[in-house]
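The values are calculated or read from the model by the stated rules, or taken from the named source; none is laboratory data. Computed from a prediction, not measured in an experiment: that's the story for all the values here. FYI the Cβ positions are ideal-geometry reconstructions off the backbone, even for glycines, and counts take in every protein chain you see.
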Amino acid sequence: MVGDGRGRCRLSRARADDEDRLGRAGRGSRPRSRLRPRHDDAIAARVVTVDRGRYGCLLWDGTLVVAMRARELGRRSVVVGDSVAIVGDVAGGPDALARIVRVDERRSVLRRTADDEDPHERIVVANADQLVVVFSIAQPPPQPRLVDRCLAAAYDAGVAPMLCVTKVDLGPADPVRAIYRSLDVPVVESGEGTRDAAVRALRELLTGRVTVFVGSSGVGKSTLVNAVVPDADQRVNVISAATGKGLHTTTAAIALSLPDGDGWVVDTPGVRSFGLAHIDSARLVTCFPDLAVGTKECPTDCDHLDVEVCALDEWVAAGHAHPERLDSLRRLLLQRSTVPPVRQ
Ligand SMILES: Nc1nc2c(ncn2[C@@H]2O[C@H](COP(=O)(O)OP(=O)(O)OP(=O)(O)O)[C@@H](O)[C@H]2O)c(=O)[nH]1
Ligand SMILES: [Mg+2]
Ligand SMILES: [Zn+2]
């Protein structure tokens, strides 16, 4: 990252081919129409952070510009990861503000709700290809219920999930890894003294992709992101300063381009809960692929809650999935059978 002393800063290595992956919104890329009469000069950017109506946008050449929404966007939301077109003062500068005039169609939308009863939906990130669910062996201890919720949200969004077990220096990872053995997802272990190997493994998995890290507070998401993106700390500070966020703590999602410019990582603040009110019961089961296969033996219209008739207990007893996974699914289904489903 280079600053030129005028508040303008460049985040290096954000290459055009990244932007191809993220949906190009290039100069004059849309024809003039009655609906879009202006903005032929709009330029493409990626939203890297959002803070109280101010959007940190990264241009192809690495310039960071702060923008606001143009009125014509109406109620259309703008979130981290969005590919947008901006006009106005795109040179950057302390008081300069550009305007976001277009949001490109999203390839994926990772959602959560405030909680399971509250239908208010939040988009965690747009255009992610992958989601890394991070959890630690200790400090804080693993929370399989939360991990399973994050995994379900990823499957629902069509975002490829993977797991990262951190703080393996504090205890054995095997018991908790066993829960996810029947799930066909990559698992990376990281700990003090073994982080280099984890970073190598992660870099391989992250290359060419947009990857979002989620998990409880303190599990080590930022530690990993900082290790994968060597100048992440400095870049987070510059972006935070430009958009008015506090420094050093992960208070909002932030997208960072990978060192070789080939891919992005999105660090997010720790979550205490991950509401799934937007996923109905039938769909929820498909978001547990290790169990979904086992439901083929269930009676028609099985709600998977009655252990007398549901085939999933046998499926688990036969070792096809872990009991903790069935427990997670049943808790979620039980909630839905007692709480009216949320329709948006
Ligand atoms: N022992 C041990 N400590 C770690 C490891 N990874 C991270 N930590 C420590 O855990 C604490 C929290 O790490 P962060 O990376 O800030 O956690 P985070 O998930 O980003 O937390 P939030 O931003 O609050 O969501 C820090 O003190 C880290 O030094 C690890 O592998 N082993
Ligand atoms: Mg953090
Ligand atoms: Zn069943």
Query raised in the report: Residue check, Val147 against (1) out of contact with any Phe, Trp or Tyr (no Cβ under 6 Å at 6 or more places or on another chain); (2) not in a loop (DSSP other than H, G, I, E, B), all met but one. Which one?
Result: (1)
Query raised in the report: Can you find even one residue in segment 120-132 that is in a loop (DSSP other than H, G, I, E, B), buried (at least 20 other Cβ atoms within 10 Å of the Cβ), touching a residue at least 24 places away in the same chain (Cβ under 8 Å) and at negative phi?
Result: yes
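Of the residues Arg325, Arg272, which single one is within 19 Å of Ala153 (Cα to Cα), exposed (fewer than 15 other Cβ atoms within 10 Å of the Cβ) and either within 16 Å of ligand 1 (Cβ to nearest atom) or in contact (Cβ under 8 Å) with a residue 12 or more places away in the chain (or both)?
Arg272
Per-residue answers, yes or no, for (1) at pLDDT 90 or above; (2) part of a loop (DSSP other than H, G, I, E, B); (3) basic (Lys, Arg):
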| site | (1), (2), (3) |
| --- | --- |
| Ala227 | yes, no, no |
| Asp233 | no, no, no |
| Lys245 | no, yes, yes |
| Asp260 | no, yes, no |
| Val266 | yes, no, no |
| Leu291 | yes, no, no |
| His304 | yes, yes, no |
Query raised in the report: Does Arg195 fit the bill of being near ligand 1 (Cβ under 8 Å from one of its atoms) and farther than 26 Å from Ser273 by Cα?
Result: yes
Report task. Would you check if Ala160 is out of contact with any Asp or Glu (no Cβ under 6 Å at 6 or more places or on another chain), among the aliphatic types (A, V, I, L, M) and closer than 18 Å to Val266 by Cβ? Result -> yes
Query - Any pair with Cβ under 8 angstrom, 6 or more apart, that starts in segment 215-234 at a residue that is away from ligand 3 (no atom under 16 Å from the Cβ) and ends at one that is among the basic types (Lys, Arg) and assigned to a helix (DSSP H, G or I) - result: Gly215/Lys221; Thr223/Arg195; Leu224/Arg195; Ala227/Arg195; Val228/Arg203; Val229/Arg235
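Confirm whether Ala154 is more than 26 Å from Leu332 (Cβ to Cβ) and assigned to a helix (DSSP H, G or I).
no
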